[in-house]
Amino acid sequence: MKNSREWIRNRILLVLDSGPCHGYDILRSLNEYVSNLRLTTLYRWLHAMEAEGLVESGVQPGPHGPDRRVYRLGARGENRLREMLKDSIEVIMHFYDAYRQSITGGMHQVLESQINPPDGRVLFAAVPRVREFDMVTIQNLTKNNGSRSLDVLGDATILSTSGIKHKVLKGELSDIPSPNERYAQVWLSGIPEQRNLHTAVSEFKRVLMKGGVLQILAPFVYFDKPDQPDLGEFVRVTAIQLFPDLGMADGDDVGTILESVFPDCGALDLFPGLVVFWARKGD
């Protein structure tokens, strides 16, 4: 994998992101990782990458000899590096989430004791889809929901073979296909992009019965900003600002939106980054 063509092409983009280079400089940088790459092969790949818009090149006078072709990052190369960054952050979040799941047992007992949601019909919504992490929550909800079917909004493919009694609603967070005051509980797993969050929270309030509770399970939310920048802060800020679809959010922003719709609301910090926002609809 490390010596694959695609991997080497990505390393070339990282080298050029540090500044323009000619072929010999690129080869020297790659020799740290790949020992058998020939200069002729490198030039062939650079030519193909230029045709794809990943790199650009131009001829410049050599300092003590003939002119040399110098390569720099192209527009599509910048986009490819951003995709690589997004993929890397997503992998980190995936494995952190798996690690966290293994040590956050008993979460629902804590929520039930502190929030005390009423009995009744339940809506479970997920962004972007129902995941393996959500299955414990869903199983807990169906166990406490008697014979009533669980309504699910969003991609619920994972539930199709689970044996869990549920009904998939064909709608969006911004337009829930349910009448007013239908649900005792509404759960949202994940955070939609901030520009869509206020509309979604307003819709949740509409479909909640009086005294009903909204609970937002936010797996990647942070409140406190560190005194000094570090790698964790870089990942957090980058994910929030550049890749909002990954689901990482600023807790203060989410709390402000929730407070604007539900006067009675709060947040429980269960684990670093794992927060449950709750809101109760008044009488």
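The table that follows gives values for the structure above.
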{"item": "Rough spin-label spacing in nm, given labels placed 7 Å along Cα→Cβ, for Asp269 and Thr256", "result": "1.9"}
{"item": "Unit charges at the beta carbon, dipole of the stretch 104-280: most positive-side option, Asn144, Gly212, Val237", "result": "Asn144"}
{"item": "Residue among Met93, Met84, Met248 with the largest mean-square fluctuation in a Gaussian network model of the chain, springs linking Cα atoms under 10 Å", "result": "Met84"}
{"item": "Chain lengthening between Asn31 and Glu90 when straightened (0.36 nm per residue, less Cα-Cα)", "result": "18.4 nm"}
{"item": "DSSP loop trypsin sites (Lys or Arg not before Pro) with at most 16 other Cβ within 10 Å excluded, longest remaining stretch of the chain", "result": "171-283"}
{"item": "The stretch 176-230: GluC sites (Glu not before Pro) in DSSP loop, at most 16 other beta carbons within 10 Å", "result": "Glu181, Glu193"}
{"item": "Surrounding net charge for Asp97, when Lys and Arg each add one and Asp and Glu each subtract one, Cβ distance under 15 Å", "result": "+1"}
{"item": "Distance between modelled label sites at Thr199 and Lys143, nm, 7 Å Cα→Cβ extension", "result": "3.7"}
{"item": "Under 22 Å from the Cα of Lys205 - lysines, other chains or at least 8 residues apart", "result": "Lys167, Lys170, Lys281"}
{"item": "Choice from Asp67, Asp245, Asp25 with maximal GNM fluctuation in the chain (Cα, 10 Å cutoff)", "result": "Asp67"}
{"item": "Estimated [θ] at 222 nm from DSSP helical runs (n ≥ 4, -39500 (n - 2.57)) normalised by residues in the chain, nearest 500", "result": "-13000 deg cm²/dmol"}
{"item": "Shape of the stretch 5-80, Cα gyration tensor, a/c cut at 1.5", "result": "oblate"}
{"item": "Aspartates and glutamates with Cα under 13 Å of Lys165, excluding same-chain neighbours fewer than 8 positions away", "result": "Asp151"}
{"item": "Residue-span extension gain [Tyr24 to Leu242] - 0.36 nm each, minus C-alpha spacing", "result": "75.1 nm"}
{"item": "Overall form of the stretch 147-199 per C-alpha gyration tensor (a/c, 1.5; a/b vs b/c)", "result": "oblate"}
{"item": "Most fluctuating residue given options Asp227, Asp97, Asp175, as computed from a GNM of the chain linking Cα atoms under 10 Å", "result": "Asp227"}
{"item": "Per-pair calculated FRET efficiency, R0 = 41 Å: Val136 and Ala48 via Cβ, rounded to 0.05", "result": "0.30"}
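Coordinate-derived values only; no laboratory data. Predicted model only: the values in this text are computed from it and were never measured. As a convention, Cβ positions derive from the backbone with ideal geometry for all residues, glycine included, and neighbour counts pool all protein chains shown.
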